[in-house]
1. For L73, what charge total do you get from the other residues with a beta carbon under 14 Å from its beta carbon, if Lys and Arg give +1 and Asp and Glu give -1?
2. Starting from the Cα gyration tensor of the chain, take the square roots of the eigenvalues, sort them a ≥ b ≥ c, and report rounded, prolate or oblate (rounded when a/c is under 1.5, otherwise prolate if a/b is larger than b/c, else oblate).
3. Quick one: Y142, Y105, fewest Cβ neighbours within 10 Å first, how do they rank?
4. Give me the extension gain from S110 to E61: residue separation times 0.36 nm, minus the current Cα-Cα distance, reported in nm with one decimal.
5. Please report the relative contact order for the chain, taking Cα pairs under 8 Å with a sequence separation of at least 6, and give it as a percent rounded to a whole number.
6. What distance in nm separates the two pseudo spin-label positions at A210 and I191, each 7 Å out from Cα along the beta-carbon direction?
7. Take each complete run of DSSP H in the chain, measure how far its Cα atoms stretch along the helix's own axis, and keep only those covering 27 Å or more with mean Kyte-Doolittle hydropathy at least -0.5; list them.
8. Efficiency by 1/(1 + (r/R0)^6): what FRET value for N94 and I174, r their Cβ-Cβ distance, R0 = 45 Å, to the nearest 0.05?
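Since every read-out is calculated from the coordinates, none of them should be taken as a lab result. Predicted model, so just to flag it, every value in this text is computed and none were measured. Here the Cβ positions follow ideal geometry from the backbone for every residue, glycine too, while neighbour counts run over all protein chains shown.
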Amino acid sequence: MYYGEAEYLHHTESLWFTPDGTPTWRRSFPPLLYPTHGLGPYLHMTGDRFTEVTAHAVSGEMAPGADPERSWLELAMLRSERGCLFKLMNSFCNVHPGGHYLSFYGDRGSFETDRGKKARTVANFWLQGDTPREMTREACTYPSLPDYVQDIGSHAGPTVRIIEDFVRSIAGDIPVPIGPELSADMTLPGICAQASIRTGETVQISDPRAW
């Protein structure tokens, strides 16, 4: 895999202030400080890690995002230890439906999710030698969730599976799905991206295994 893209678009404007108008931490939270949604799938699948990042920030001019203390959208270009080039775009204030998007290019094929609400349920892929040169579209199915999940909220589905794996790993039934090193590999690029935005320079990402 030599190139990847990830986008995470979310609307958090309603969470920027408390009912009495006091700013919350989300008001000035930099989008790329939450890189795990975009970087996690690639890192989890490949075992790779990112070694450097160059990042930029941009904002619109209209309320509620017109604020020098925050960015509407932040974009990072990352290089991995195995040479993969990866583009990550995060935005918490935008004129676009929220959602996730992933795209991967490899030696023998390519893959991308649909956008918006279909990102979790529709996959598109093309393999070397396929004719015609058109993406194959495939619907994704998932195991049924416990009945009680239906009353928890929109994040309940995937969250329940994560919690179950976490508990099973503590009990010793399975290895830890996301250990401290992988967690750091998913998080450090976002911290270094903020340094790149501030300095305008490419920033090297340290390897937590060497700490």
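1. On the way: positive: R70, K87; negative: E7, E13, E61, D67, E74.
Summing Lys/Arg as +1 and Asp/Glu as -1 gives -3.
2. On the way: a/c = 1.31, a/b = 1.16, b/c = 1.13.
It is rounded, given that a/c, with a ≥ b ≥ c, falls under 1.5.
3. Details: Y142 10, Y105 15.
Fewest-to-most Cβ neighbours within 10 Å comes out as Y142, Y105.
4. On the way: separation 49, 0.36 × 49 = 17.64 nm, distance 3.66 nm.
Separation in residues times 0.36 nm, less the Cα-Cα distance, equals 14.0 nm.
5. Values: 380 pairs, mean separation 55.4, N = 211.
Over the chain, the number comes to 26 percent.
6. Output for this residue pair reads 1.5 nm.
7. On the way: long enough: 180-199 (28 Å, 0.24).
The qualifying helices are 180-199.
8. Numbers: r = 37 Å, r/R0 = 0.83.
Calculated transfer efficiency: 0.75.
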